[in-house]
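Read through the structure below, which is laid out as structure tokens, and then see the notes.
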Amino acid sequence: MKEKIESKLREKFPNAILEVNDFRGDLTFLVDKNSIVEICKFLRDDEELSFDLLVDLCGVDRAKRKDRFEVVYHIVSLKNRYRVRLKVRVDEKDCVVDSVTSVYPTANWHERETYDMFGITFRNHPDLRRMYMPEEFEYYPLRKDFPLMGIPGSLQLPKR
Amino acid sequence: MNTPQEHSQYKSKILETLLTKATDVIIEDTLENGMVLNMGPQHPATHGVLRLLIHIDGETVIGCVPELGYLHRGYEKIAENSTYHEFIPHTDRLDYLAPLSNNTAFALAVEKLAGIEIPKRAKYIRMIISEMARIASHLVAIGTMAMDVGALTVLLWAFREREKLQDIMDLLTGARFTTSYTRIGGVASDWTPQCTAMLKDFLEHFDENLDEIERLLNTNRIFLERTEGIGVISKEQAIAMGLTGPNLRATGVDYDVRRAFPYLDYENIDFNVITYTEGDSLARYWVRCDEMRESAKILRQCLEKMPEGEILAHDPKNVLPKKFDVYTKMEELIHDFMLVNFGLNPPVGEIYSSVENPKGELGFYIVSDGTGHPWRLKIRSPSFVNLQSLPLLIKGHMVSDIVAVIGSIDPVMGEADK
């Protein structure tokens, strides 16, 4: 299964697959940020692979100068009982990724959560608001430079 | 966003979402009497602190925007600042109706990351507690769902059964709810003959007691009319919306993590994956009832097959030693000190591990940088994803159907808000 996915992806997207990794049986593809939607669409619609369920989507702050963030997608093929992880790298200066909501509608809330926690914006997202934090909150809590104790005064209390 | 203009802009943005998006239900010949109704966060039928903004026309729902975050405690941030062992008590507070299942899920994820093989007896104890948690959680699910549509007796009878399971959990773990029972590499305390006796006693009467509960509902005309054909979701939509667990299986997809990606010893256990094809509230209720019977079947097999032996893996660098050894032996004292202060040091890498929780697929995505703290820990909580389909399910139904649909999705806000 692993070889089949890899060869199909490399054949279809020769320049977009940057890295392939297999750790403890979890297959990971690092792919180009700009082609994530096409790759998801291909993986979902391919008859043989049919990765039809997006289980999880989240962000990771790597705390690096270049390519600070990663967005991680976990997709499952219900037919083949196989799980694959896709990753894209996002630079802090250009903190925008294409939204995959057109391919997987379930990504809607996951992307809102990622936007809320990391400040990564998703292009073409239908309803990009904060998921958990209040809308007037100015920080992104899961970034590594946000302190664990929070920032005093960042949440406005209601006036008496 | 501090100025009043920006605040009113935000308000109008929500209103715009309510009024324009997701409103392709056309109700012909209605009066011009649409309004926005605020339901929750303090509402008995929203099962916690879920807030719904509902756009209604008369009594028909034409749009819904769920607002989450009232129970957001930042567990993913806490995890980044605690060792793997320290995070176990926090997993109790995710799905607080089935804490044992969450403990198991987290321990399995860390063991996959660190490459720890656990003893067979620990695997069986974990399977038993997961299935006990599933029965306990499903009993609450059907009890509260029936209560939401007006049948209070079911809740009382379901809690009577659940109480027996809580007694076993109390005896086994020392706590009824915040169990924190699993350890990295095994479980905290051994399964005792008294637990076996109590569980056997519970299982002996469980099937007939469940029949009794079902008899209250299965031919109850009010219950059937309130749930049949309400909140229907098709197979394709359910997959697209990312539903998992009983909600997905009620649409006819036989996706169960226990079968699809077997963990513990589920490969050697005989059970059926329950599916129904209707995809409405009633089907979701039936899936839960039948799943409890399957869980009881698994429990019987586990009690039969459970081997004797150790309950903690022998892996001093990763697994906390027994307390007695810490006080009497030098090596163990050193290992205990290192594990408590610096944590276990898994290799650099990232894993995703998931289990079938009562609510659906609970996954942990852990990114490790080789130190004692996870660099990033993402909780894939089933309730969060399942709630997302709520606007789709209640569109076009009556206001009173909302409570029946929420009850049938069975969300737990502790998990949805993390």
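The values are calculated or read from the model by the stated rules, or taken from the named source; none is laboratory data. The structure displayed is predicted, hence computed values, not measured ones. Using ideal geometry, Cβ is built from the backbone for each residue, glycine included, and neighbour counts are taken over all protein chains shown.
Some values worked out for this structure:
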| read-out | value |
| --- | --- |
| Criterion (touching a Pro at 6+ places or on another chain (Cβ under 6 Å), closer than 20 Å to residue A:21 by Cβ and more than 9 Å from chain A (Cβ to nearest Cβ)) met by exactly one of B:383, B:368 | B:368 |
| Residues satisfying the stated conditions in the stretch B:277-302, i.e. farther than 22 Å from residue B:234 by Cβ and of a type in the set (Gly, Ala, Ser) | B:295, B:296 |
| Residue list for the stretch A:123-142, filter: touching a helix residue (DSSP H, G or I) at 6+ places or on another chain (Cβ under 8 Å) and at the interface with chain B (Cβ under 9 Å from one of its Cβ atoms) | A:126, A:127, A:129, A:130, A:131, A:132, A:133, A:135, A:136, A:141, A:142 |
| Residues within the stretch A:1-53 that are charged (D, E, K, R) and over 24 Å from residue B:242 (Cα atoms), tallied | 11 |
| Pairs where the first residue, in the stretch A:101-122, is within 10 Å of chain B (Cβ to nearest Cβ) and on the phi > 0 side of the Ramachandran plot and the second is acidic (Asp, Glu) and buried (at least 21 other Cβ atoms within 10 Å of the Cβ), C-beta under 9 Å, 6+ apart | none |
| Checklist (1) farther than 21 Å from residue B:16 by Cβ; (2) touching a helix residue (DSSP H, G or I) at 6+ places or on another chain (Cβ under 6 Å); (3) crowded, with 21+ Cβ neighbours inside 10 Å applied to residue A:83, failing item | (2) |
| Residue identified as among the basic types (Lys, Arg), more than 10 Å from chain A (Cβ to nearest Cβ), on the phi < 0 side of the Ramachandran plot and surrounded by fewer than 23 Cβ atoms within 10 Å (Cβ to Cβ) among B:258, B:249 | B:258 |
| Residue in the stretch B:261-278 that is surrounded by the most Cβ atoms within 10 Å (Cβ to Cβ), counting only those that are in a loop (DSSP other than H, G, I, E, B) and out of contact with any helix residue (DSSP H, G or I) (no Cβ under 7 Å at 6 or more places or on another chain) | B:261 |
| Residue that is among the aliphatic types (A, V, I, L, M), in a helix (DSSP H, G or I), modelled with pLDDT of 75 or more and under 29 Å from the mean Cα position of the chain (by Cα), where the choices are B:54, B:78 | B:78 |
| Subset of the stretch B:109-122 [touching a strand residue (DSSP E or B) at 6+ places or on another chain (Cβ under 8 Å) and either in a loop (DSSP other than H, G, I, E, B) or more than 13 Å from residue B:319 (Cα to Cα) (or both)] | B:109, B:112, B:113, B:118, B:119, B:122 |
